1. Looking only at the stretch 143-194, count how many residues are in contact with a Ser or Thr (Cβ under 9 Å, 6 or more places away or on another chain) and of a type in the set (S, T, N, Q).
2. Within the stretch 212-240, take every residue that is in a strand (DSSP E or B), over 22 Å from Asn282 (Cβ atoms) and of a type outside the set (Ser, Thr, Tyr) and give me the one that is most open to solvent (accessible area, probe 1.4 Å).
3. Taking the condition outside any loop (DSSP other than H, G, I, E, B), modelled with pLDDT of 95 or more and not acidic (Asp, Glu), does Arg270 pass?
4. Regarding the stretch 33-42, can at least one residue be identified that is over 23 Å from the mean Cα position of the chain (by Cα) and either under 30 Å from Tyr155 (Cα atoms) or open to solvent by 40 Å² or more (accessible area, probe 1.4 Å) (or both)?
5. For the stretch 279-334, what are the residues that are closer than 27 Å to Asn119 by Cβ and in a strand (DSSP E or B)?
6. Quick check on the stretch 1-15: of everything there that is hydrophobic (A, V, I, L, M, F, W, C), modelled with pLDDT of 95 or more and more than 10 Å from Val112 (Cα to Cα), which residue is surrounded by the fewest Cβ atoms within 10 Å (Cβ to Cβ)?
7. Regarding the stretch 161-174, can at least one residue be identified that is surrounded by 14 or more Cβ atoms within 10 Å (Cβ to Cβ), closer than 21 Å to Ser2 by Cα and of a type in the set (Asp, Glu)?
Amino acid sequence: MSLVKPAKLQRGDKVATVSLSWGGAGDEDILWRYEVGKKRLQEEFGLEVVEMPNTLKGSEYVYNHPEKRVEDLMAAFSDPSIKGIFTCIGGDESVRMLPYIDYDVIRNNPKVFIGYSDNTVTHFICQKAGISSFYGASILAEFAENVKMFDYTKYWVSKVLFDNAPIGKIEASDGWTSERLPWEVKNRNTQRQLQKNTGYELLQGNGKVQGKLIGGCLEVLEMLKGTELWPELKMWENSILFFEPSEDKTDPTYIEYWLRNYGSIGILQRVKGIIFGKPYDNLYYEEYKNALLKVVREELKLYDLPILYNMNFGHTAPMCVLPYGAMAEIDCETKSFSILENGVV
């Protein structure tokens, strides 16, 4: 199934902010951070930013009212004056929204939706509704980055969401950071320091492979298995699967278990390739590689399935933007990754 691409964003467009998981954007001690991200969207991207009715009601209210989160999401999709939807942050329980979703509202009103981490749930909601969405930056983390947005992150938001030309090759970032600076006003003028990035690493594979992008945060995908959102096997065929671990720094044994499950279902045997995000803090860098190779190569005997590792998406900074359903390519000879088509129209 091909996913419908939304219209590109343009300066002057109205966009909505939503809290679909953790509602901290509205908490008194975090609100300043939300305002920084909002100001960047306004001043650097030229967007008119509006909050939905429950976006800033705080973490306790948002946790207790998953149905109100869905009301915001449905209202944002339904409103023709709103051209894009930006998530405030991730979290860990947006799967609780599922009983309230109206897929027709989303299907009939395709528009840009961007977020990552627990927003994997909403990406799979969009996918079930037949529209492409974007695995990328959030308000509180990336747009509100201390001092300024990272150039790499800002470039890929602009390139993927505001430009309807083919996206092209996505080079590795020069640096990376997962430095944890508390989200306190006193730290707002402290720039997180980048460490030198070693670039993409090819774990196995030859030649070039192409496939449509599908995937998300590994921990969140585990919550989706068996739900109405989990795609049929045919949806995984001829795809490039993108996986990334969260800031939970999950023990490598669980990564191995989960990958083994993808093999048991028959998913890994159907995909054209795998791209894997940088492990958080670079912790378990070798162990995650070993888990991938143990399951894919040793157990499933998928010796030719390309695996590109240490990529800049998901829980890493800076990050690129990945459009669900877009045709992508892994070139094993040059250890490169490209998105061959436009993300927006």
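1. Looking only at that region, the number is 6.
2. Lys212
3. Against the criterion (outside any loop (DSSP other than H, G, I, E, B), modelled with pLDDT of 95 or more and not acidic (Asp, Glu)), Arg270 does not qualify.
4. no
5. Once the filter is applied, which keeps residues that are closer than 27 Å to Asn119 by Cβ and in a strand (DSSP E or B), the stretch 279-334 yields Ile307, Leu308, Tyr309, Asn310, Met311, Ala317, Leu322, Pro323, Met327, Ala328, Glu329, Ile330.
6. Filtering the stretch 1-15 for residues that are hydrophobic (A, V, I, L, M, F, W, C), modelled with pLDDT of 95 or more and more than 10 Å from Val112 (Cα to Cα), the one surrounded by the fewest Cβ atoms within 10 Å (Cβ to Cβ) comes out as Val4.
7. yes
The values are calculated or read from the model by the stated rules, or taken from the named source; none is laboratory data. Predicted, not measured: the structure shown is a model, and the values here were computed from it. Positions of Cβ are generated from backbone atoms using ideal geometry, with glycine treated the same way; all protein chains shown enter the neighbour counts. When the accessible area is computed, the model is the full protein with side chains, heavy atoms only, and any ligands, DNA or RNA have been set aside. Shrake-Rupley method; radii C 1.70, N 1.55, O 1.52, S 1.80 Å.
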